Amino acid sequence: MAWTFDASDGELRLRTGVTGRAARMGHRLTIAMTRWRATVNWDGGEPVTAELVVDAESFQVVRGEGGVKGLSGPEKAVVRSNALKSLSANRFREIRFSSDAIDKTDDGYRLSGTLQIRGVSQDHVIDLRTDDLGDSWRMSAESAVRQSDYGIKPFSLLMGSVQVADEVTVSFSAVYGCESESP
C-alpha cells in the first residue's frame, strides 16, 4: 500500500534568518514551495520508505518580516530570482528527500535518509509528528538545513553587511485522508 499526497494536501515552507552587521535592514523570509509530491510505502501496517520530491522552481516568497520597510511585490520577484540562481534551479530541477529507515517514536516517526539539493546529497533526519484525526492523519515536521552543506552560497548584499543566514528552517504539514488505514 502507498500513500501519495501533494501541495493540495498541505504545505512545505522555508523560513530564513538574516545575519551581518546591518542585519536589521534585511527581511526574514517565509517561502512556500508550491509543487511537491510525497509518497509513503507501507508493509504490514508499518511505513517502510518515504520520499518527498520538490520542484525547485516552485519557490514563492510569501512574506518578509523585519527590514527597514515592507517587502514589495517587485522585491519578492528579485528575491525569487536570486534564490533560483543560488539553487541552480534551471539545472537541478528537483529537491529530494528519500528515506528507507523509518523508526516509530512516541509522537510519530523518525525518518533517516538522504536529502539532495543542487545535486549534492547529505544524510538527513526528520522527526515527523503524526496525529490521528479519525478519518485522516495530520503529519508535521520541522527541520534545519544548512545551505552551505549543499554548495549554496547564502545571498548577501551591501558587501556582506546583510546576508541570508546559512541555516534555513523547513516546515512541512499535510493531512492525508484515509479510511481504516493507520500510520
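The values are calculated or read from the model by the stated rules, or taken from the named source; none is laboratory data. What you see is a predicted model; the values in this text were computed from it and never measured. Positions of Cβ are generated from backbone atoms using ideal geometry, with glycine treated the same way; all protein chains shown enter the neighbour counts. The area values use the complete protein model at the heavy-atom level, side chains included, leaving out ligands, DNA and RNA. Shrake-Rupley method; radii C 1.70, N 1.55, O 1.52, S 1.80 Å.
Of note:
- Checking each residue in the stretch 119-135 for being modelled with pLDDT under 95 and touching a strand residue (DSSP E or B) at 6+ places or on another chain (Cβ under 8 Å) picks out THR130, ASP131, LEU133, ASP135.
- Sole exception among (1) modelled with pLDDT of 95 or more; (2) out of contact with any helix residue (DSSP H, G or I) (no Cβ under 6 Å at 6 or more places or on another chain); (3) open to solvent by 30 Å² or more (accessible area, probe 1.4 Å) for ARG138, by number: (1)
- Inter-residue pairs, beta-carbon under 8 Å, first more than 9 Å from THR34 (Cα to Cα) and in the stretch 50-72, second among the aromatic types (Phe, Trp, Tyr), 6+ apart: ALA50/PHE97; GLU51/PHE97; LEU52/TRP36; LEU52/PHE97; LEU52/PHE172; VAL53/TRP36; ALA56/PHE92
- Residue in the stretch 157-176 that is open to solvent by 60 Å² or more (accessible area, probe 1.4 Å), farther than 26 Å from LEU29 by Cβ and modelled with pLDDT of 85 or more present: no
- Scanning the stretch 79-97 for residues that are assigned to a strand (DSSP E or B) and open to solvent by 40 Å² or more (accessible area, probe 1.4 Å) returns GLU94, ARG96.
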